[in-house]
Amino acid sequence: MSYRDAVMAAKYAGGSNEQATALHEHRLETISEGEGYFDFDVPRGIVVHVVPDAVYDDGYAIDLAEHSILPEANPSRPTQLPVLGNHDARGTWTADGFGAYVKRESADEREDDCVGYTHLFSNGVIESASAIPFDGMWEENESNQNEPTRREAKRLDGRTLELDLTRCVRRYLRVLAYHQQMAPIHVTLTMYGVGGWLLDSNDRKSDDAGRIAEEILAPFPVSLSNFDADVRTELADPIDALWRGAGYSGSPFFDSGEWTLRSAFDGQ
């Protein structure tokens, strides 16, 4: 389903929260089937949508002319639209918005594909899709050093995942605030193709990480009433749901309103 079709299908789904959920589900299906933007075609990843209410107003559009995304925007290093799991990306204008994307660079040209992108559509929706947190490691094939083979790391660093989700969503909200979007803003996220992966609670490779039982982890959406909200606090429930999908009682980094990773987050 094309982006336009997904928007039109979601328009009549009910209230704004239901509309944001429907748009997310339609786009998730398209992305997981390998039809995402910038040739994003990977077996697993994280998809995040940030959806303002104005999306469904007929004829509504925001100004995405050059240097209008944020005052400090630089198309060659679009830090205003970070890609989940990566701090450096290439930027480009598309027919219906502006995007930042990350390509995997390898000796094998066939593997030089898109592993993550963020797209700001002209109606204000931000779509972030990334496989980088799941990206495997490269090692040389013993039989032929000119043909690298892929070894997938089956463990996902939950600490980095939380930091990046919070950092990226906070930045996306800054973009929408700059474009004078009106609250509420709806945030939806899903991890797909993750069955059997281990969600690790620390940086070192331990044996106590929880195994994800489902192929798809799709927590409920979150509606933000203003742009000054504490992003990690607002995302506490869906992030907890991701950890529960791996057998945890919730995030090991968030307890009674306190986030133990806050100092690392504030330093970014």
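The values are calculated or read from the model by the stated rules, or taken from the named source; none is laboratory data. Owing to the predicted nature of the structure, the values given are computational and were not obtained by experimental measurement. Note that each Cβ is placed from the backbone with ideal geometry, even for glycine, and that neighbours are counted across all protein chains shown. Note: accessible area is taken over every heavy atom of the protein model, side chains too, but ligands, DNA and RNA are not part of it. Shrake-Rupley method; radii C 1.70, N 1.55, O 1.52, S 1.80 Å.
Structure summary
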item	result
Listing of strands (runs of 3 or more DSSP E) fully contained in segment 100-187 that carry 3 or more residues being over 25 Å from SER223 (Cβ atoms) and at pLDDT below 85	137-139, 149-151
Residue count for segment 226-253, restricted to those that are over 20 Å from the mean Cα position of the chain (by Cα) and farther than 19 Å from ILE212 by Cβ	2
Residue match in segment 198-216 (condition: exposed (fewer than 12 other Cβ atoms within 10 Å of the Cβ), more than 28 Å from GLY97 (Cα to Cα) and either touching a Lys or Arg at 6+ places or on another chain (Cβ under 7 Å) or at pLDDT 90 or above (or both))	yes
Residues of segment 239-252 satisfying the condition of being free of Cβ contacts under 8 Å to residues at least 12 places away in the same chain and either open to solvent by less than 70 Å² (accessible area, probe 1.4 Å) or among the small types (Gly, Ala, Ser) (or both)	SER249, GLY250
Subset of segment 224-238 [touching a helix residue (DSSP H, G or I) at 6+ places or on another chain (Cβ under 6 Å) and open to solvent by less than 60 Å² (accessible area, probe 1.4 Å)]	LEU224, VAL231, ARG232
Single unsatisfied condition, SER32 versus (1) closer than 15 Å to VAL125 by Cβ; (2) under 15 Å from the mean Cα position of the chain (by Cα)	(1)
Of all residues in segment 254-268 being in a loop (DSSP other than H, G, I, E, B) and under 18 Å from VAL169 (Cα atoms), the one that is nearest to the chain's Cα centre (by Cα)	GLN268
